[in-house]
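*Asks:* So that we are looking at the same thing, I have put the structure below in structure tokens.
Values in this text are rule-based calculations from the coordinates and carry no lab data. This is a predicted model, so every value here is computed, not measured. Here the Cβ positions follow ideal geometry from the backbone for every residue, glycine too, while neighbour counts run over all protein chains shown.
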Amino acid sequence: MQITNICCIGAGYVGGPTMAIIAKQCPEIKVTVVDLNEARIAAWNDQDMDNMPVYEPGLSDVVAQARGRNLFFSTDVDKAIDEAQMIFISVNTPTKTYGSGKGMGADLKWIELCARQIARVSKSNKIIVEKSTLPVRTAEAIKDILQYAGNDIEFQVLSNPEFLAEGTAVEDLLNPDRVLIGGDSSPEGKRAIESLVEIYNNWIPRERILTTNVWSSELSKLVANAFLAQRISSINAISELCEKTEADVNEVARAIGMDSRIGPKFLKASVGFGGSCFQKDILNLVYISRSFGLTEVADYWEQVIIMNDHQKKRFALNIVRKLYNTVSGKKIAFLGWAFKKDTNDTRESAAIYVADYLLNEQAELRVYDPKVVERQVYADLDYLGSRTAEQNRASIGVGADPYEVCKGAHAIAVLTEWDEFKDYDWERIYDGMLKPAKIFDGRNLLDADKLRSIGFIVQSIGTKS
Ligand code: NAD
Ligand code: UGA
């Protein structure tokens, strides 16, 4: 079937950019992105591109080009479902916070609501595409709900997980390593797969579009994230050993990464991985494995998370130790709050947890991040529930000028690898700080030798200070 009308439910970090690129590359397809969140849709429709809800390099140009032509953002979910031949479900699937599977399994409440709404509203045959990251066999539940809707409509359910990384979403969507599409092997299933292949084939070579059965596709997404996160936890584990042995983790990463079987990517030691997905997806993998009684499999993957939690805590405790075992009343400047550079997303950012540890030690924190606004920093801390909103506001401040944020600080902690931090006037920052002026570089971003020559005491990850 030639697709001319697409709807995407969920206008978040995945739905927005993914649909903007489809609209850009396929001008003959009408793409409507819908969301229950009115403020989010209004922001996508805002003429001032600085107000877009998702910051991604290059995205505002893509949206400006397609919006109003064949890309639309709306809160009228029913209408968009009714009109579409193909519906992407791109809603959030966070870790459950209640009941069975609490803290481990994915909360599929929003997925199910979408399926029920599609079943209720649809008047013609439709292809449903799972774009959200889902536990393996979720398509079975979606099919069940659609099948028993009693409206004689034929639904095909495909799995088409998204592999974009935030901060490089536009580049990743335009030039992906692969696109994965899982579907049924029935003739109808194959036709549905082919419809989606044709859309991507407008700009992605056929050999990079991989088709599998639904379950392999669903599971591959969880496994891809687990493997990526595992590499970070592996190098972070080695970073702690490096700090004890005078080996340098950057040199070790380079040495092992040049082995073509290992490869150089995702070997950057850090304060710990963050982001909305790695932890959630691994916890989900662990939960699924445990639910099948696969204890060793579950324990193996859980260790990736345990190591990551350890790395965040270790970074915070090291700051306390190096500041003479007390940070009570001391000012510590945070450079960066986002979970990685080039995004305004702070979900599960390591900075939140490092801040929480330091606030428990009664530190006074000041934060600067080029893309994260003050209310987000407070929302992240309030969400943890470690202390009251008033207490959070009394002990952490957010500034718009990095030099002011660092002024009078006992120490600086680099939590996000924003490029601009490298180009600061570090002599000026040094002059404004209390001495000894200490820097804890959680991203191995700054030139430690240069900083030492200015007078800073520098502690990087995975190198002996
Ligand atoms: P998000 O929270 O940014 O966006 C989800 C949106 O869905 C929200 O705006 C929410 O209001 C909306 N929504 C929820 N239920 C709805 C409903 N019933 N009707 C209409 N709108 C509804 O989430 P995200 O980061 O875009 O992630 C979405 C999915 O994609 C998740 O499963 C995630 O694991 C996966 N994923 C995310 C990334 C990423 O980089 N963020 C990458 C790959 C995959
Ligand atoms: C990750 C995956 O890379 C995407 O393929 C996937 O689609 C996405 O999750 C998802 O499912 O949500 P993302 O979380 O946006 O993308 O960003 P990454 O570049 O993977 O970084 C994740 C975290 O790991 C960041 O905190 C980053 O700073 C950290 N990281 C990354 C390291 O500490 N070291 C590295 O070498 C690489």
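*Asks:* Where the only charges are on Cβ atoms (+1 Lys, Arg; -1 Asp, Glu), what is the dipole of the chain about its Cα centre, to the nearest 20 debye?
*Replies:* 820
*Asks:* Taking Rh as the Kirkwood radius computed over C-alpha pairs, what is the Stokes-Einstein D of the stretch 203-290 at 25 °C in a medium of viscosity 0.890 mPa s, expressed in µm² per second?
*Replies:* For these conditions, the coefficient is 162 µm²/s.
*Asks:* What is the dipole size for the stretch 230-355, taken about its Cα centre, with +1 at each Lys and Arg Cβ and -1 at each Asp and Glu Cβ, in debye to the nearest 20?
*Replies:* 480
*Asks:* Now for a different question. Pulled fully out, how much extra length does the chain show between LYS244 and VAL297, if you take 0.36 nm times their separation in residues and subtract their Cα-Cα distance?
*Replies:* Stretched fully, the LYS244-VAL297 segment lengthens by 16.0 nm.
*Asks:* Once both labels are modelled 7 Å past Cα along the beta-carbon direction, what's the GLU171-THR4 spacing in nm?
*Replies:* 3.7
*Asks:* Work out the charge dipole of the chain with +1 on the Cβ of Lys and Arg and -1 on the Cβ of Asp and Glu about the Cα centre, then indicate which of PRO53, SER216, GLN156 is farthest towards its positive end.
*Replies:* So the residue we want is SER216.
*Asks:* How would you rank VAL179, VAL33, VAL157, going from fewest to most other Cβ atoms within 10 Å of each one's own Cβ?
*Replies:* Sorted ascending by nearby Cβ count, the order is VAL179, VAL157, VAL33.
*Asks:* Let me ask another. Just want the ordering: TRP418, TRP215, from fewest to most Cβ atoms lying within 10 Å of their own Cβ.
*Replies:* With the sparsest Cβ surroundings first, the list reads TRP215, TRP418.
*Asks:* If one computes the Cα centroid of the stretch 271-339 and of the stretch 63-102, what distance in Å separates the two points?
*Replies:* The distance from the Cα centre of the stretch 271-339 to that of the stretch 63-102 comes to 30 Å.
*Asks:* What order do you get for GLU38, GLU240, GLU251, GLU417 when you list them from fewest to most C-beta neighbours inside 10 Å?
*Replies:* Ranked by crowding around the Cβ, least crowded first: GLU38, GLU251, GLU240, GLU417.
*Asks:* What does the extension gain come out to for ASP423 and ASP61, with contour length at 0.36 nm per residue minus their alpha carbon separation?
*Replies:* 127.7 nm
*Asks:* If you average the C-alpha positions of the stretch 166-208 and of the stretch 399-465 separately, how far apart do those two centres end up, in angstrom?
*Replies:* 44
*Asks:* Step through the table entries LYS131/LYS422; LYS79/LYS190; LYS244/LYS435; LYS221/LYS464; LYS371/LYS464; LYS313/LYS407, compare each Cα-Cα distance with 30 Å, and write down the pairs that go over it.
*Replies:* LYS131/LYS422; LYS221/LYS464; LYS371/LYS464, as the Cα separations exceed 30 Å there.
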